[in-house]
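Rule-based calculations on the coordinates, nothing more; no lab input. This one's a predicted model, so the numbers in the text were calculated from it and none came from an experiment. Note: ideal-geometry Cβ built from the backbone for every residue, glycine included; neighbour counts use all protein chains shown.
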Amino acid sequence: MEKIRIGIFGAGRGYNLSRNFMMLNCDIVALCDSHKERLAQAASKLGEGVTCYESFDEFVKHDMDAVILANNFHEHTPFAIKCFQHGLHVFSECISNITMAEGVELIREFEKANAKSKVIYMLAENYPDMIFNREMKRLVDGGTLGKILYAEGEYNHPVAGDDIAFLKEYTYYPEHWRNYIPRTYYITHSLGPCMRITGATPKKVTAFSIFVPNSGAEIPTACRVGDAASIITTQNDDGTVFRVTGCAKFGAHHHTYRVCGTKGQAENLRGMGTKVMLRYNKWDTPEGAQTETLYEPSWNDPEEKFINRGGHGGGDYITSRTFVESIRAGKQPPHPYDIHSAVTMSSVAILAHRSVLDGGKPYDIPDFHTEEARKQYENDRLCPLWLGETPPNIPSCSHPDYAPTERQLQLFREQVMGITEDK
Ligand SMILES: NC(=O)c1ccc[n+]([C@@H]2O[C@H](COP(=O)([O-])OP(=O)(O)OC[C@H]3O[C@@H](n4cnc5c(N)ncnc54)[C@H](O)[C@@H]3O)[C@@H](O)[C@H]2O)c1
């Protein structure tokens, strides 16, 4: 079998993912990042045989089969489209598109490319493949929880304001996407597992945010976002309801999920590592099972040794493997990694933020299989983040006038960017 030749775009997260593809016996042939230091660092770890590029337009011409898009969170669509135009398969980090118009464009260009030759598109969403989420999917598929009614997903990632090393690595200039991203936008880690476990797709969304601005002489950890979390509710195509966060910062760090059916429920308990709590109603407990079980799930996977070496609790390896398998089979990946599910997740992120700005108003999630829905959104370019030199055209925060103080920004420039200013 010929090896799949892979190019990596974005040397930060991109390098971490590349290790999984090497375990999957793929060749990493090209690497692109305009940040010279990061490029050199990742290249030295990848070893010989990797051609380095600073320009994407040169990189995309490299002789290869697939590209890992691990560039800025909000700039995946234009690069995915260029890959399609070169007949390359795409494994795109979260999220797939940052505006509704980009969602329409991405799907149109994907269809155009596929009319010429098969290109695979997969959202690189890895949290559904964490061990407890795989276990919850297994339980749902087994049927003992009954008809599924409800699921929850919380991706909760507080960052200490004085963690300068973190800020230097992840939010290194004021216009960086992490400084402007509304709380609803980093949604795939909470919504993706709910969609994977239940098989449902959101149809309507509503959301509220919790406003807790940086105070006093604190360095702003997200310059333009005074919200700690957004609580997002979706109503889905099968009548189920999800309650999810985007990226939240409340309570203590965790990512937790819960699925409830008519007969029982399963969840990974906060603060209990990877353990799963499975509970049935007494009268619905399957024969031979216990009403309540707290247990450590197993992978039940012949590649456990590679899974344990992959990042994010093994999710990185399994998600990468799904992409490789999809390419080899010539079939698009399963729900919710396929392009329509990916764009649906982006629509939930974008329209949940509009709901926040609109006092919790519900928004319908469009189905871009239809031309009618595409027409409705093809020119909708509202965006709360900087796109190159173009400033945001809507606020990032539930309180639209919120901005860090001049003193806070000065601290950011001094301590994160290392710029000393005259007093
Ligand atoms: N799935 C996960 O668990 C996970 C974990 C971390 C990051 N991510 C995702 O991976 C992506 C990257 O994350 P990161 O933390 O590495 O972000 P980052 O902002 O630190 O890095 C982005 C990199 O892309 C490079 N880049 C951007 N535009 C470029 C261009 N036009 N030409 C050349 N290089 C360009 C930048 O120089 C930078 O090195 C994001 O979408 C993020 O959401 C996912």
Dipole magnitude (debye, nearest 20) for segment 86-214, charges at Cβ of Lys, Arg, Asp, Glu: 580 debye
Exposure-ranked with fewest Cβ neighbours within 10 Å first, 234, 274, 188, 206 stand as 274, 206, 234, 188
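Show that you can apply the helix-only estimate: for the chain, add -39,500 (n - 2.57) for every DSSP H stretch of four or more residues, divide by all residues, and state [θ] at 222 nm to the nearest 500.
-9500 deg cm²/dmol
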Excluding residue 70 itself, calculate the net charge of residues whose Cβ lies under 12 Å from the Cβ of residue 70, where each Lys or Arg counts +1 and each Asp or Glu counts -1. -2
Springs between alpha-carbon pairs under 10 angstrom, Gaussian network model over the chain: which of 364, 401, 237 fluctuates most? 401
When averaged across all projection directions, what area in nm² does the alpha-carbon convex hull of the chain cover? 21.8 nm²
Answer in debye to the nearest 20: the dipole magnitude of the chain about its Cα centre, from +1 Lys/Arg and -1 Asp/Glu charges placed on Cβ, is 680 debye
List every residue whose amide H lies under 5 Å from the amide H of residue 385, counting only residues 5 or more places away in sequence or on a different chain, with H placed 1.01 Å from N in the peptide plane. 393
Shape verdict for segment 346-401, please, from the Cα gyration tensor: rounded (a/c under 1.5), prolate (a/b greater than b/c) or oblate. oblate
Return the inverse of the average 1/r over all pairs of distinct C-alpha atoms in segment 231-300, which is the Kirkwood hydrodynamic radius, in Å to one decimal. 14.2 Å
In nm, the gap between the two label points placed 7 Å beyond Cα toward Cβ at residue 277 and residue 309 is 3.6 nm
Can you name the helices of the chain, as whole DSSP H runs, whose Cα span along the helix axis is 24 Å or more and whose Kyte-Doolittle mean is not below -0.5? 100-116, 339-357
Using Stokes-Einstein with the Kirkwood hydrodynamic radius over Cα pairs, what translational diffusion coefficient do you get for segment 275-374 at 20 °C and a viscosity of 1.002 mPa s, in µm²/s rounded to a whole number? 120 µm²/s
Please arrange 62, 74, 157, 353 by counting, for each residue, the other beta carbons lying within 10 Å of its beta carbon, fewest first. 157, 62, 74, 353
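Can you sort 280, 363 from fewest to most other Cβ atoms within 10 Å of each residue's own Cβ?
So the residues, fewest neighbours to most, are 363, 280.
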Among 397, 52, 194, which one shows the highest mean-square fluctuation when the chain is modelled as a Gaussian network with alpha-carbon springs under 10 Å? 52
Considering only the chain, percent of DSSP beta bridges that pair antiparallel, nearest 5: 60 percent
If amide H atoms are modeled at 1.01 Å from N in the peptide plane, then the residues at a separation of 5 or more from residue 203, or on another chain, having amide H under 5 Å from its own are 235, 236, 237
Let me see the pair-distance distribution of segment 5-123: every alpha carbon pair, 5 Å bin width, integer percents in order. 2, 12, 24, 25, 19, 11, 5, 1, 0
State to the nearest 20 debye the size of the charge dipole of segment 5-123 about its Cα centre, where the only charges are +1 on K and R beta carbons and -1 on D and E beta carbons. 220 debye
Zone of residue 170 (label point 7 Å along Cα→Cβ, backbone N under 14 Å): which residues in segment 32-74? 73
